[in-house]
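The values are calculated or read from the model by the stated rules, or taken from the named source; none is laboratory data. Here the structure is a predicted model, which means the values were calculated and not measured. Note that we place each Cβ from the backbone using ideal geometry, even for glycine, and neighbour counts take in every protein chain shown. In case anyone asks, the SASA skips ligands and DNA or RNA and just uses the protein heavy atoms, side chains included. Shrake-Rupley method; radii C 1.70, N 1.55, O 1.52, S 1.80 Å.
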Amino acid sequence: MAKGVANISNSSGEISDGTSESNKDPLPNFDGAPSASGASENTRLSANQTYFAENRIKIPESSHEGFSFKKLWAFTGPGFLMSIAYLDPGNIESDLQSGTVAQYKLLWVLLSATLLGLLMQRLSARLGVVTGLHLAEMCYRQYRKLPRLIVWIMIEIAIIGSDMQEVIGTAIAIYLLSNRVIPIWAGVLITIIDTFTFLFLDKYGLRKLESFFAFLITIMGITFGYEYITSKPNAIGVMEGMFIPWCKDCDSRALLQAVGIVGAVIMPHNLYLHSALVKSRDIDRSKPEKVRDANMYYFIEAAVALLVSFVINVFVVSVFAHGLFQKTNAQLHQACLAHPTINASIFPINNEYVDADLYRGGIFLGCTYGLAAMYIWALGILAAGQSSTMTGTYAGQFAMEGFLNLQWPKWKRVLFTRTIAIVPTFCLAFFSNLEDLTSMNDILNAVMSLQLPFATIPTIAFTSNPQIMGEFVNGIGNMVASILLSIVVIGINTYFVVNTMNELDLHWFSLLLVIVVGIFYLLFCLYLVVHLIVSIGNTRLLRYDFVNKYVIGPVDATLDISPISYSRSQSESTIGTEIIEEKRF
């Protein structure tokens with residue numbers, strides 16, 4: 001049997017050759033162009049299922065071999081939209097807290113988490129480029145209905161958790177900019193404008209939307225860079241913290257912050273987002289050299305984008321490491337008295353170390369470096385909140401489109417995804433005080449950390465499956481590195497979640513409920529791991545009826561979801577066509 005043609009048993013234990021009983025015609029060509037058999041992506045899903053179907057950017061041909069800046073510019077965009085998740089208000093708050101608690105000593109954790117993020121984002125982008133399907137769409141084809149719906153719910157929870165952080169961050173920025181005139185709950189309502197901003201910009205083309213996001217990232221770079229230059233942190237300390245992987249004299253608070261950094265940086269829904277954004281470029285997937293080019297340029301673009309996000313995160317850590325490390329509330333209260341218009345009461349008169357958050361961070365900057373520093377900080381947070389809420393809306397749309405094959409008008413999808421996050425956040429803001437609202441960041445990070453396996457496991461499974469990726473399948477090094485690093489991150493996040501649960505001091509009934517949910521959570525993760533093991537080529541598990549019946553497809557014969565070759569070289573495509581012709585005769 002030719003490489004790229006499926007050889008995994010279907011639910012009846014028979015060997016599948018990439019066709020189903022109800023549809024003997026295809027080896028599908030998912031770039032939308034007709035294949036040799038006349039099958040295309042549109043024969044399986046409606047023509048509107050691809051968000052960028054009518055708005056793809058053409059890739060210019062190069063007159064010479066090798067690297068081309070013209071091509072790189074054509075591919076530039078998706079990586080920067082993806083990188084915004086590394087700069088959302090939740091990440092910014094995690095940065096300032098790590099600087100406050102451990103000074104510069106956790107910068108190496110931030111660097112490591114960003115590199116791990118680059119590895120996983122690369123796999124996500126490769127999946128979209130090679131197959132023409134984003135991660136949620138691939139889940140629709142590779143998982144059975146019940147597990148697929150569970151994964152979708154988990155990803156929606158992650159999107160809601162992230163969106164709540166972003167909405168809260170935006171509301172706090174408005175609260176600071178208005179000098180407490182606009183209350184937090186009103187700021188939450190103002191973020192509804194994001195919906196209309198999104199629809200307005202999207203209407204005028206993808207490049208304009210990408211330019212707007214680039215503008216917001218530039219604002220973050222300028223504002224947080226201004227704070228860095230104004231505060232003048234220890235450059236040597238910054239470099240040592242970045243490249244010396246150790247945390248001398250660190251306590252449990254520093255360890256928890258290190259875990260929080262990893263949990264805040266690696267966003268589960270971001271893998272779904274990136275795999276979909278790369279579909280915005282018009283790539284001829286019938287030519288392996290074009291796919292190879294796209295993978296290279298997308299990796300370069302993602303690396304540059306994450307480098308920019310890393311530098312901005314370093315700015316934030318360094319500013320608060322220099323200004324708030326081992327500073328007491330009484331010291332800051334005294335400093336704020338020199339600025340009557342600033343809310344000095346946020347720092348009680350005691351000798352406890354400052355418990356920093358987005359709001360206190362802004363007040364500290366205003367009291368220490370002047371009112372301009374506070375307003376510039378708020379402007380940066382506002383840019384971070386605005387950009388991340390819009391990319392979160394994108395992620396919600398792609399998840400709904402892919403997991404459910406749901407074709408709603410664009411405005412309905414935007415309104416639905418925004419309302420899910422805004423309603424609970426508004427209730428929380430209206431009935432809680434500012435301290436309760438900002439303390440939600442740790443709980444939301446814990447919630448999103450729990451969803452990480454439902455993004456990393458499918459990504460590794462699909463990109464390591466030769467029947468999906470063809471010649472672009474993960475090598476042994478990639479596979480082992482991504483699996484090991486994912487295990488480490490998931491383990492770290494599990495520790496973070498357990499620690500957060502312990503701090504909540506739950507009643508015995510609530511604790512019992514958490515334990516029961518935890519058991520089901522682990523069992524479902526195990527289910528996904530079994531699917532991953534089979535996907536990467538371990539056929540021994542197929543001897544068990546349970547695996548054949550409940551884990552491996554086909555899921556829906558009308559969509560031909562039994563494992564098939566989504567990507568193959570020209571020679572493999574020819575072989576597949578010959579097999580089809582033999583079947584016809």
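Descriptive notes on the structure:
- Mean accessible surface per residue for segment 355-434, computed with a 1.4 Å probe while every protein chain stays in place, in Å²: 32
- Compared with the direct C-alpha span, the chain from Asp284 to Leu484 gains 68.7 nm at full extension, assuming 0.36 nm per residue.
- Rounded FRET efficiency, nearest 0.05, which uses the C-beta distance separating Lys549 from Leu406 and R0 of 25 Å: 0.35
- Segment 457-549 - percent of accessible surface contributed by carbon and sulfur, probe 1.4 Å: 75
- Accessible carbon and sulfur surface of segment 124-274 relative to its total accessible area, %, 1.4 Å: 72
- Solvent-accessible surface of segment 106-234, taken per residue with a 1.4 Å probe and all protein chains present: 35 Å².
- On the beta carbon distance between Ser345 and Phe416, with R0 = 41 Å, the FRET formula returns roughly 0.55.
- Across all C-alpha atoms in segment 313-367, the radius of gyration and Dmax reach 10.7, 31 Å.
- Distance (nanometres) between label positions extended 7 Å along Cα→Cβ at Asn538 and Leu512: 3.6
- In whole angstrom, segment 302-344 maps to an equivalent ellipsoid with semi-axes of 32, 12, 5, each derived as √(5λ) from the alpha carbon gyration tensor and ordered largest first.
- Long-range amide H partners of Ile57 with built H, under 5 Å: Arg281, Asp282
- With kT/(6 pi eta Rh) evaluated at 10 °C and eta = 1.306 mPa s, and Rh the Kirkwood radius from Cα pairs, segment 348-470 diffuses with a coefficient of 87 µm²/s according to Stokes-Einstein.
- Take the Cα of Gln326, step 7 Å toward its Cβ, do the same at Ile192, and the gap between the two points is 4.9 nm.
- Listed residue pairs exceeding 30 Å between alpha carbons, taken from Lys145/Lys279; Lys71/Lys105; Lys208/Lys412; Lys203/Lys287: Lys71/Lys105; Lys203/Lys287
- Along each principal axis, taking the top coordinate minus the bottom one, the Cα set of segment 153-290 gives 55, 51, 36 Å in descending order.
- Just so you know, the Rg over Rh for segment 236-389 is 1.10, from Cα atoms, with Rh as the Kirkwood radius.
- Each 10 Å bin from 0 upward holds the following percent of the Cα-Cα pairs of segment 43-184: 8, 23, 32, 24, 12, 2.
- Solvent-accessible area, 1.4 Å probe, carbon plus sulfur percent, for segment 289-442: 64
- Estimated FRET transfer efficiency (Gln334, Ile236; beta-carbon r; R0 22 Å; 0.05): 0.15
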